[in-house]
Every structure is written in structure tokens, then in C-alpha cells.
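Structure, as C-alpha cells:
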């Protein structure tokens, strides 16, 4: 193993944390879920820092990191929705944005060729708000804290950031596709 592989191994570890997180949530083991989710959240920041700071970025990492984030967040949202702690419509809004981005990325790839997966800042902010919302819901049920105001605020911030991020992806990648299309005419 090379040092350059460390960020990818961290992303793979985050992917492997998804199943124990879901099991802990379904078993109402919110303390364990809180620890697992915190480790996953910290590992997200760590792998990104290592990749950028030491220039250990790779094509595989550009796929693994967002995949790990999406698996963790969708699993967290879906499980908390199943348990009745997050509204159904919010789960579908989050999944709808992700489906739109993946579908657009696949269409871009097949129509115009390979591209580098670079997350937009609005997407990073959206991921942060989603992580904080899931974490707040887990903490609320672990510690019986009255954080309903923070959860409602988190829901609002997720709705706003999902909308802005989805729109920005459509605009940015739509413009790139339009420019390539015009240049190929």
C-alpha cells in the first residue's frame, strides 16, 4: 500500500460503516449510531484534507469519496425516515437531487466524453447540512435532548441547499454541455 492510497482506504472504510450504522439505528442503539456517524463524518473531512494537502488525488478517489458520502447520507436519511424521524418528502427531495445529478453526469459522459468529477461548493455545503441534520436527529434520540428547533432549522437548510445545489449543477453542467455542443457544430 502506498501513502497515496490512504484517502481511498478512508473512503472505503466510510462505505463499510453504512451497514453497522443502519443496524444500530434500526435497533435503536443511538449511542452506537452517533459514534459511527461521527467517525464517518470526520473521515470525510480527513480523506479530503489528505488528498488535497498531499496531492494524493486520484480518479478513483473522485468516485469513492462522493459515493461514500451518498451511501452514508441516503442510508441515514432512509433509515431515519423509516423510523419516522425525518419526513418522507425530505428523503425524496434529497434522493431526487442525487438522481438528477447522476443522470446528468451519465448523459454528459455518453454524449461528450470523460469528465473530472469536481464537487461544487453548493454541494459541499449541502452535504454538510445533511450530515448535521442526520447527526442532530441521532443525538436527539440518544440523549433525549430537546433540539427540535435545530432539527427544524436543519430541515429548512437541507431544503434550501438541495435546491440551490441541484440548480447549480444543472446550470454549470448545462453550460458546459452547450459550449461543447456549439463547438461541435
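The values are calculated or read from the model by the stated rules, or taken from the named source; none is laboratory data. Everything numeric in this text was worked out from a predicted model, so none of it was measured. Note: ideal-geometry Cβ built from the backbone for every residue, glycine included; neighbour counts use all protein chains shown.
For the stretch 79-92, what are the residues that are surrounded by 17 or more Cβ atoms within 10 Å (Cβ to Cβ) and touching a residue at least 40 places away in the same chain (Cβ under 8 Å)?
79, 80, 86, 90 - these are the residues of the stretch 79-92 that are surrounded by 17 or more Cβ atoms within 10 Å (Cβ to Cβ) and touching a residue at least 40 places away in the same chain (Cβ under 8 Å).
One residue is enough: does the stretch 65-76 have a residue meeting the conditions more than 12 Å from the chain's Cα centre (by Cα) and touching a residue at least 12 places away in the same chain (Cβ under 8 Å)?
No - not one qualifying residue is present in the stretch 65-76.
Among the residues in the stretch 3-10, are any under 26 Å from residue 140 (Cα atoms), in a helix (DSSP H, G or I) and under 18 Å from the mean Cα position of the chain (by Cα)?
Looking through the stretch 3-10, none of the residues is under 26 Å from residue 140 (Cα atoms), in a helix (DSSP H, G or I) and under 18 Å from the mean Cα position of the chain (by Cα).
Can you confirm whether the stretch 103-125 contains a residue that is over 13 Å from residue 168 (Cα atoms), assigned to a helix (DSSP H, G or I) and modelled with pLDDT of 90 or more?
Yes - at least one qualifying residue is present in the stretch 103-125.
Looking at the stretch 44-56 only, could you name the residues that are assigned to a loop (DSSP other than H, G, I, E, B) and either free of Cβ contacts under 8 Å to residues at least 24 places away in the same chain or out of contact with any helix residue (DSSP H, G or I) (no Cβ under 9 Å at 6 or more places or on another chain) (or both)?
55
Quick check on this structure: which one of 18, 22 is surrounded by 16 or more Cβ atoms within 10 Å (Cβ to Cβ) and under 26 Å from residue 163 (Cα atoms)?
18
Taking the stretch 129-159 on its own, how many of its residues are free of Cβ contacts under 8 Å to residues at least 24 places away in the same chain and under 19 Å from residue 101 (Cβ atoms)?
Matching residues across the stretch 129-159 total 0.
In the stretch 135-153, what residues are within 17 Å of residue 25 (Cβ to Cβ) and either in contact with a strand residue (DSSP E or B) (Cβ under 8 Å, 6 or more places away or on another chain) or in a helix (DSSP H, G or I) (or both)?
Residues satisfying the conditions are 135, 136, 137, 138, 139, 140, 141, 142, 143, 151.
Determine, yes or no, whether residue 41 is under 20 Å from residue 122 (Cα atoms) and either assigned to a helix (DSSP H, G or I) or touching a helix residue (DSSP H, G or I) at 6+ places or on another chain (Cβ under 8 Å) (or both).
For residue 41, the condition - under 20 Å from residue 122 (Cα atoms) and either assigned to a helix (DSSP H, G or I) or touching a helix residue (DSSP H, G or I) at 6+ places or on another chain (Cβ under 8 Å) (or both) - is met.
Could you grab me the full set of residues in the stretch 93-103 that are buried (at least 17 other Cβ atoms within 10 Å of the Cβ) and either more than 14 Å from the chain's Cα centre (by Cα) or over 30 Å from residue 148 (Cβ atoms) (or both)?
101
Out of 10, 95, I need the residue that is touching a helix residue (DSSP H, G or I) at 6+ places or on another chain (Cβ under 7 Å), at pLDDT 95 or above and more than 22 Å from residue 167 (Cα to Cα). Which one?
10
Would you pick out the residues in the stretch 21-31 that are more than 12 Å from residue 141 (Cα to Cα) and in contact with a helix residue (DSSP H, G or I) (Cβ under 6 Å, 6 or more places away or on another chain)?
21, 22, 24
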